[in-house]
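Colleague: Structure incoming, see below.
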Amino acid sequence: MDKYSFLNAAHTAYFADLYDQYLENPDSVEPSWRAFFQGFDFGSESVGSDDYVVETNAGEKATAQVPEHVQKEFQVVKLIDGYRNRGHLFTKTNPVRARRQYEPTLALENFGLSNSDLDTEFDAGDILGIGKQSLRKIIEHLESIYCDAIGVEYMYIRNPKEIQWIQDQLNINDNQPNFSAEEKKHILKKLNEAVSFESFLHTKYVGQKRFSLEGNESLIPALDSLIENAAKKGVKEFVMGMAHRGRLSTLTNIFGKSAEDIFSEFDGKDYEQEVFDGDVKYHLGWTSNRKTEGGHDINLNIAPNPSHLETVGAVVEGIVRAKQDHKYKDDPSQVLPIIVHGDAAIAGQGVVYEVVQMANLDGYKTNGTIHIVVNNQIGFTTNYLDGRSSTYCTDVGKVTLSPVLHVNADDAEAVVHAMLFALHFRMTFKRDVFIDLLGYRKYGHNEGDEPRFTQPKLYKAISKHQNPRDIYAEKLIADGVISDDYVSKLEKDYKEKLEENLEDSRKIDKTVITPFMQDEWENYHNVIEDKMIQDIDTTYSREGLAKITKVISNLPEDKKFIRKIERLVQSRQTMFDENKLDWAMAEHLAYGTLLEEGYDVRMSGQDVERGTFSHRHAVVKVEDSEEEILLLNQISEKQGNFYIYNSLLSEYGVVGFDYGYAMASPKTLTIWEAQFGDFSNGAQIMLDQYISAAEDKWKLQNGLVMLLPHGYEGQGAEHSSARMERYLQLCAKDNMFVMDCTTPANMYHLLRKQMKAEFRKPLIIFTPKSLLRHPLVVSTVDEFANGSFKMVIDDETIKADDAKTLVFVTGKFYYDLLEERGQLERKDVALVRVEQLFPLPAEQIKAMIKKYSKAKDIVWAQEEPRNMGAYSHMLMHLDEAKTFRAATRRPYGAPAAGSAVRSKKRHQEVIDFVFDKSKDNQQR
């Protein structure tokens, strides 16, 4: 026996409670326990090997000799603990495969018990809420709870209240479903829809990819029950993310998308609009408003997704958080995120971990997500044993100590029962919960694939296996719930409706794509390139700017702050008074003015509250308490909300989240800032599949702003370039803005322009590092108040007729060239800044060439290597650029040299070549 505790805290509590009961009334406990407690010896210093020590709830420790019957009680408690901790390993949850064998088993001998104890009654039954019972009854109870069609993992949870709540729920009806006859018929109805829909498509569209749900059809009644019951608990909106497997059935049978529309997509018709190119049918999103059978009005959303599995999860969480922030602040649980995973994907894709880690963070939490794994035990052709090292595909859920339920997908009632448990847990504790729906995949990865090449044994079993509807129907017939012909009539009626939809769809010439979340985007329009380059009024009164400056320049007088911070905040007023506004003031005043106009602002990313380079200080900490002060939330009573959050150290997940946030909230200036610009390539999938392509594929606008610190300052290969060329290569027609601003005023107007427009496009801004405090990088108050965004900035210091060389440049490199020109005292070199790289202001650039017509030497200058930066972009989008002299570093594999000396040398050589073309032979 352990010397100072029972086998675990649960046992200690049980026996301590029993002992406290004995102290209060000795006659209230069973005689054998009374005799045991009468032998307790408080304060004993020596404890023998046969003694047991218990600490009561009052904190007293006592020792006693342990009689044999009490030792047996301990063994039964160990057995109960064994089922709670490991029962999930011995369930009946796999419909087509034998379960793997795990050791040690739950055999009696592993707990110091034997068959001769089966009819002995034990008080340990009290732990289960069934009172004193025979060991046989206790085991039957445990088998029913932990080892039937549902396996539950939860004993790693560290909150005793949650553990007790789960155990109380599991004890109800021995964790077995208990549905009424009508509820059972409804489950069968939804199962029939799932089975019949897939079989209908299989016969009408032979060989076409549809990524059927067959083998996991019980997902449909589970989702149906989840939505109905969540609505009863006050949930108003649902946002789901799921991949292709089963998506079409979910869209039709849960979200209410017309089968007619899906048939049109199967027929491959063209779209009614030219503005976008569309996507395959099992990637499209959908939004609908409907009334539940219980009479509750709900909003349903299924987010569009690419083939890149698990990417949509981060987007869903962002959408949900935006809805919660703007519509349900008092009770965020009224929006429910549901993420449907595949077993191979949830185990293999790293973004899942990133999203799970967000679950309890202030800037990203959504009051609990219901994760559902459609587990077909195979990833394309890869067996599950080759797809993960963990026991379960859902083990990532243990990161947040979330409960996991493993369910046999063939047992429709168990699946619905588990889903209702998950919903109840989420609504009670506002935390994530995982359901592992163990089924199979009837066909190959798609319907044209041959799975027997790689899993012949498994698919031999699957070919003989009944579908879940027929299994459930047989059970209901046997129980007398339905008649023999009930299912055939259900199937006939449903398929007749599908036939009508099919006939109607073939009368329509073109496919109409319903916009995702159309209500949120009611007053915004899809626009093409010519609208993107039109001027937008971004002026704001000087008096208004002065008012905002006063607020953001004064910290609370009754709180103590680090002196350096006090001076920094006060300097904002000084800059305004001296008419020299820097980059930080451009940001603060852009945010402040937008907030005053009723927009919200959200910024997240690594270290954004202070700023990687300590320029922003949007959050100021009180010195002695670390209380957070956000001055931008103190401008006025009617202002919008300013949200800013330091993110977890993630790019992929956080960019996905913020993209989703911007998708659901076009009236919020949503910003993600990279710690250094090149770190954004950790989110490359988001850039390629969503940010650059979503409007083209899904008719989705999005106003996400990405701030990417960029500039060559000798910091090496990883902290110099934001990989400008990558973004520019993604640019096409009208899909996004790409900017490289050089003045605070231009940055200020650009951020305001992003919100004042009647459309939304992703905005990529290459932001400065050394320029944040450069003495020349300042703007006047009047440039803020009465100016506008300038796509091209002319050189006002050079007379056009005097210019022999015209240099086009972008970003921070302009100031390096400006300094050199001053040192050389050159009055014949004009430096023209291209602030907007896409859509490229070609006409304005041509106007500059015409203005400086006497300059026979036209240069494109960049600090990046020739195979990077904007040079190739200029060649593609501006014919005149083909005649420009390119002043760049030579092509390199890495963006910059690691040696500060070498980097400085190469940088200077590019500068020298701008002003003297005879130096072209230098090794740059």
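Colleague: Would you confirm whether any residue within region 445-454 is over 21 Å from A409 (Cβ atoms) and assigned to a helix (DSSP H, G or I)?
Modeller: yes
Colleague: Within region 877-908, which residues are surrounded by fewer than 13 Cβ atoms within 10 Å (Cβ to Cβ), without any contact (Cβ under 8 Å) to a residue 12 or more places away in the chain and not acidic (D, E)?
Modeller: Selection gives K882, G893, S899, V901, R902.
Colleague: Does Y524 count as in contact with a Leu (Cβ under 9 Å, 6 or more places away or on another chain), among the aromatic types (F, W, Y) and open to solvent by less than 60 Å² (accessible area, probe 1.4 Å)? Spell out the reasoning first.
Modeller: On the way: in contact with a Leu (Cβ under 9 Å, 6 or more places away or on another chain): no; among the aromatic types (F, W, Y): yes; open to solvent by less than 60 Å² (accessible area, probe 1.4 Å): yes.
No, not satisfied.
Colleague: In region 656-681, how many residues are assigned to a strand (DSSP E or B), buried (at least 24 other Cβ atoms within 10 Å of the Cβ) and either of a type in the set (A, V, I, L, M, F, W, C) or in contact with a His (Cβ under 9 Å, 6 or more places away or on another chain) (or both)?
Modeller: 3
Colleague: May I ask you to list the residues in region 173-227 that are closer than 16 Å to A409 by Cβ and small (G, A, S)?
Modeller: Correct list: A194, S212, G215, S218, A222, S225.
Colleague: For the list (1) under 17 Å from D436 (Cα atoms); (2) at pLDDT 95 or above, I need the number of the one condition that R99 fails.
Modeller: (2)
Colleague: Mind telling me which of the residues Y727, Y690 ends up being aromatic (F, W, Y) and more than 22 Å from A870 (Cα to Cα)?
Modeller: Values: Y727 fails: more than 22 Å from A870 (Cα to Cα).
Among Y727, Y690, only Y690 is aromatic (F, W, Y) and more than 22 Å from A870 (Cα to Cα).
Colleague: Looking at (1) part of a helix (DSSP H, G or I); (2) under 29 Å from L772 (Cβ atoms); (3) out of contact with any Ser or Thr (no Cβ under 7 Å at 6 or more places or on another chain), which is the only condition Y814 fails?
Modeller: With (1) part of a helix (DSSP H, G or I); (2) under 29 Å from L772 (Cβ atoms); (3) out of contact with any Ser or Thr (no Cβ under 7 Å at 6 or more places or on another chain) applied to Y814, the lone miss is (3).
Colleague: Given (1) surrounded by fewer than 23 Cβ atoms within 10 Å (Cβ to Cβ); (2) touching a Leu at 6+ places or on another chain (Cβ under 8 Å); (3) not in a helix (DSSP H, G or I), where does A785 come up short, assuming only one miss?
Modeller: (3)
Colleague: Given the conditions (1) hydroxyl-bearing (S, T, Y); (2) in contact with a Pro (Cβ under 8 Å, 6 or more places away or on another chain); (3) part of a helix (DSSP H, G or I), report the number of the one that Y727 does not fulfil.
Modeller: (2)
Colleague: Further, regarding this structure: Look through region 527-556, keep the residues that are among the small types (G, A, S) and part of a helix (DSSP H, G or I), and return whichever of them is surrounded by the most Cβ atoms within 10 Å (Cβ to Cβ).
Modeller: G544
Colleague: Taking region 197-244, which residues are of a type in the set (D, E), assigned to a helix (DSSP H, G or I) and in contact (Cβ under 8 Å) with a residue 60 or more places away in the chain?
Modeller: Across region 197-244, the qualifying residue is only E228.
Colleague: Would you call A618 small (G, A, S), in a helix (DSSP H, G or I), within 20 Å of K769 (Cα to Cα) and in contact with a helix residue (DSSP H, G or I) (Cβ under 7 Å, 6 or more places away or on another chain)?
Modeller: Considered against the rule, which asks whether it is small (G, A, S), in a helix (DSSP H, G or I), within 20 Å of K769 (Cα to Cα) and in contact with a helix residue (DSSP H, G or I) (Cβ under 7 Å, 6 or more places away or on another chain), A618 comes out as no.
Colleague: Another question, then. Go through (1) over 30 Å from N305 (Cα atoms); (2) not in a helix (DSSP H, G or I) and name the single condition A590 misses.
Modeller: Among (1) over 30 Å from N305 (Cα atoms); (2) not in a helix (DSSP H, G or I), A590 violates only (2).
Colleague: From the set of residues in region 114-142 that are touching a Ser or Thr at 6+ places or on another chain (Cβ under 9 Å) and among the hydrophobic types (A, V, I, L, M, F, W, C), which is surrounded by the fewest Cβ atoms within 10 Å (Cβ to Cβ)?
Modeller: L118
Colleague: Quickly run through region 636-656 and pick out the residues that are under 26 Å from P306 (Cβ atoms), touching a Ser or Thr at 6+ places or on another chain (Cβ under 8 Å) and not hydroxyl-bearing (S, T, Y).
Modeller: E651, V654, V655, G656
Colleague: I'd like to check something: does region 205-216 contain any residue that is closer than 24 Å to H88 by Cα and open to solvent by less than 10 Å² (accessible area, probe 1.4 Å)?
Modeller: yes
Colleague: Out of all the residues in region 704-728, which are open to solvent by 10 Å² or more (accessible area, probe 1.4 Å) and within 19 Å of the chain's Cα centre (by Cα)?
Modeller: Across region 704-728, there are no qualifying residues.
Colleague: A further question on this structure: Can you spot a residue in region 905-920 that is part of a strand (DSSP E or B) and of a type outside the set (A, V, I, L, M, F, W, C)?
Modeller: No, that holds for no residue.
Colleague: So which pairs qualify, if the first residue must be in region 361-377 and at positive phi and open to solvent by less than 10 Å² (accessible area, probe 1.4 Å), the second must be modelled with pLDDT of 95 or more and of a type in the set (S, T, Y), the Cβ gap must be under 9 Å, and the two must be at least 6 apart or on different chains?
Modeller: Close Cβ pairs satisfying both conditions: G368/S333; G368/S402.
Colleague: Let me confirm something: among E450, E474, which residue is surrounded by fewer than 23 Cβ atoms within 10 Å (Cβ to Cβ), at pLDDT 85 or above and of a type in the set (D, E)?
Modeller: Answer to the selection: E474.
Colleague: For residues that are part of a loop (DSSP other than H, G, I, E, B) and without any contact (Cβ under 8 Å) to a residue 12 or more places away in the chain, scanning just region 291-329, find the one that is most open to solvent (accessible area, probe 1.4 Å). Working first, answer last.
Modeller: At the first step, the residues of region 291-329 found to be part of a loop (DSSP other than H, G, I, E, B) are 292-296, 303-310, 328-329.
Checking the rest, the ones that are also without any contact (Cβ under 8 Å) to a residue 12 or more places away in the chain come to 295, 329.
On the way: G295: 43, K329: 111 Å².
The extreme case among them is K329.
Colleague: Could I ask something else about it? How many residues are in a loop (DSSP other than H, G, I, E, B), β-branched (V, I, T) and under 13 Å from V551 (Cα atoms) when one looks only at region 621-638?
Modeller: 1
Colleague: Restricting attention to region 817-840, which residues are open to solvent by less than 10 Å² (accessible area, probe 1.4 Å) and not in a helix (DSSP H, G or I)?
Modeller: V829, A830, L831, V832, V834, E835, Q836, L837, F838, P839
Colleague: Consider D624 carefully, then state whether it is touching a residue at least 60 places away in the same chain (Cβ under 8 Å), open to solvent by 50 Å² or more (accessible area, probe 1.4 Å), under 26 Å from V312 (Cα atoms) and out of contact with any helix residue (DSSP H, G or I) (no Cβ under 7 Å at 6 or more places or on another chain).
Modeller: For D624, the condition - touching a residue at least 60 places away in the same chain (Cβ under 8 Å), open to solvent by 50 Å² or more (accessible area, probe 1.4 Å), under 26 Å from V312 (Cα atoms) and out of contact with any helix residue (DSSP H, G or I) (no Cβ under 7 Å at 6 or more places or on another chain) - is not met.
Colleague: From the list V487, V481, pick out the single residue that is modelled with pLDDT of 90 or more, farther than 20 Å from S199 by Cβ and either in contact with a Gly (Cβ under 8 Å, 6 or more places away or on another chain) or surrounded by 11 or more Cβ atoms within 10 Å (Cβ to Cβ) (or both).
Modeller: V481
Colleague: On to the next question. Go through region 526-560 and report how many residues are free of Cβ contacts under 8 Å to residues at least 60 places away in the same chain and acidic (D, E).
Modeller: Number satisfying all stated conditions: 4.
Colleague: State all residues of region 382-417 that are part of a helix (DSSP H, G or I), in contact with a helix residue (DSSP H, G or I) (Cβ under 8 Å, 6 or more places away or on another chain) and of a type in the set (G, A, S); if no residue qualifies, say none.
Modeller: Listed by number, the residues that qualify are G387, G397, A412.
Colleague: Of the residues in region 846-870, how many are in a loop (DSSP other than H, G, I, E, B) and either surrounded by fewer than 24 Cβ atoms within 10 Å (Cβ to Cβ) or not small (G, A, S) (or both)?
Modeller: Selection size over region 846-870: 8.
The values are calculated or read from the model by the stated rules, or taken from the named source; none is laboratory data. These numbers come from a predicted model, not from an experiment. Backbone-built Cβ (ideal geometry, glycine too); neighbour counts: all protein chains shown. With ligands, DNA and RNA removed, areas are computed over all heavy atoms of the protein, side chains included. Shrake-Rupley method; radii C 1.70, N 1.55, O 1.52, S 1.80 Å.
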